[in-house]
1. Rounding to the nearest 20 debye, state how big the charge dipole of region 295-469 is about its Cα centre with +1 on each Lys and Arg Cβ and -1 on each Asp and Glu Cβ.
2. Give the relative contact order (percent, whole number) for region 295-469; include only Cα pairs under 8 Å separated by 6+ residues.
3. So, in nm, how far is label residue 129 from label residue 374 when the simple model puts each one 7 Å beyond its Cα toward the Cβ?
4. So how far apart, in nm, are the two label points at residue 53 and residue 141 if each is 7 Å from Cα heading toward Cβ?
5. What lysines could a cross-link reach from residue 172, if we take a straight Cα to Cα line under 20 Å and drop same-chain neighbours fewer than 8 places away?
6. Mind giving me the FRET efficiency for residue 286 and residue 343? R0 is 45 Å, r the Cβ-Cβ distance, nearest 0.05 is fine.
7. Indicate the gyration tensor shape class of region 50-192 (rounded, prolate or oblate), computed on the Cα atoms with a ≥ b ≥ c the square roots of the eigenvalues: a/c under 1.5 is rounded; otherwise a/b larger than b/c is prolate and the rest oblate.
8. Once amide H atoms are placed 1.01 Å from N in the peptide plane, what residues at a sequence separation of 5 or more from residue 220, or on another chain, have their amide H within under 5 Å of its amide H?
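Every number here is computed from the coordinates shown, using simple stated rules; none is lab data. In this text the structure is predicted, and so the values were computed from the model without any measurement. In this analysis, Cβ positions are derived from the backbone assuming ideal geometry, glycine residues included, and neighbour counts consider all displayed protein chains.
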Amino acid sequence: MKEQSAQSEPVSLADAQPVERDDLSTRCDYRVFLNKKSQAGGNDGFKPIWMPSFLFDFQAYVTDWGLWKGRGAEFLDCGMGKTPMKLVWAENVVRHTNRPVLDLNPLGVVAQTIREAEKFGIDARRSSDGKVPHKGIVSTNYEQLHKFDHNDFAGCMCDESSILKSSDGVLKHRITEFMKHMRYRLLLSATPAPNDYIELGTSSEALGYLGYVDMLNRFFINDQRTVKPMRTRRYAGFTSPQIDGPAIDRQSNKWRFKGHAEEPFWKYICYWSRSARRPADLGPFKNGKFILPKLTERVHMVEAETLPDGMLFPMPAEGWREQRAETRRTIEERCTKVAELCAPYDQNLIFCHLNPEGDTLEKFIPGSVQISGRDSDERKEEVFLAFQRGQIRDLISKPKIAAWGLNFQSCRHVIGFPSHSWEQYRQWVARCHRYGQEREVISDLVTTEGGRAVIENQLRKARQAERMFDRIVANMNQAANAERGGEFAQAEEIPAWL
């Protein structure tokens, strides 16, 4: 008891001995403290083991960064070589850990990835049953993820990672839960946040940085001052003077940057991602061959043969119900126009949204091939490969099946029916209009007067998304060029009484 009492006696400041501290150590500790407060994190990766010569200089730079980072995202435009880059990233992780890496892809992209791996001499194999065929790269579809065990892999990559953008989606939660056990993670997408900055929060969460809600609370605010993200449509948007222009409804309930948070937000995003539409966006790189061909976008209005009950002349449809009814009532008229527009071209990539549309198109376009949800993955891959080789002239499908990840640059004409999703349109055009395409690309949209509101909404989203991505590239590269953890202008002074 006496010993305990002696140990508990307080020591006066007068009797305390001064503690000598290394100034350099103090500065380093303080820098670590600041980085921790900024949510910057550190690098969880390693020095690249293998950097092949077939990568372009900017591709090698981004791949090197991704390996050093360990957990990062590469938001590069279509045709910039994300497939060889992810294969090299994964091969380095395999060699470093002697364990396999899981490669998640949209439907139809697995076979394309395997062919690319063979071309570059990288061992990648497919698995659809949850088994791990070798200690290398294992490619599968997102729909097969539930069959795999995270303990079998050292890392995971998500191609077309915009699939994560739905904050409350079942697949998003499944992917995030699976990846959180991985030290090495990679996201790849050309459209990481199609309409709103806040959609980047789902990527941040999947990589193990700030969670979606945490990111909102740190950098954004809404007029209701709540933390209910995306629960109802009133919280589903984001406003910014740079994106929405000067005419902003300040009374809206959309998320907006906190007064001090815009620059820290871009710095935070920059810490775990790289973004570019062309090589020059990444710094001292020349665009070289990476120049997109001309894109001509056309809208064709078809006259409806039947009008809604009580109407004497066609009017834009109001609301979802009227738009849906207009779509179903005008299937034959619109499909006839599509068949007419396809005639002059050697190949046509055609997108529809309804099964009756696909069936009608197949009937109106002789020799065309339709891929739908009822087809097996094997048939989808066979048809996609045949179309890439020019063995099929007209391919008909839905955006959710054929608009993500596939390379159809052999085709220069893409045509479809509009929807409210700008991302779908952006992705299906990019199947043909991408780096590597040598001819002018024609994009046709076919609708009726009743669908004019859908076209206008899509165009509005397109303009907003274009401005937003420009903003992302500008701010992220500005933040990337700023040296993190640079020397302080003035050395710290330690109080004499310490």
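1. 560 debye
2. 33 percent
3. Simple spin-label model gives 2.8 nm for this pair.
4. Between residue 53 and residue 141, the label points sit 3.9 nm apart.
5. List returned: 147, 180, 228, 400.
6. 0.65
7. rounded
8. 258
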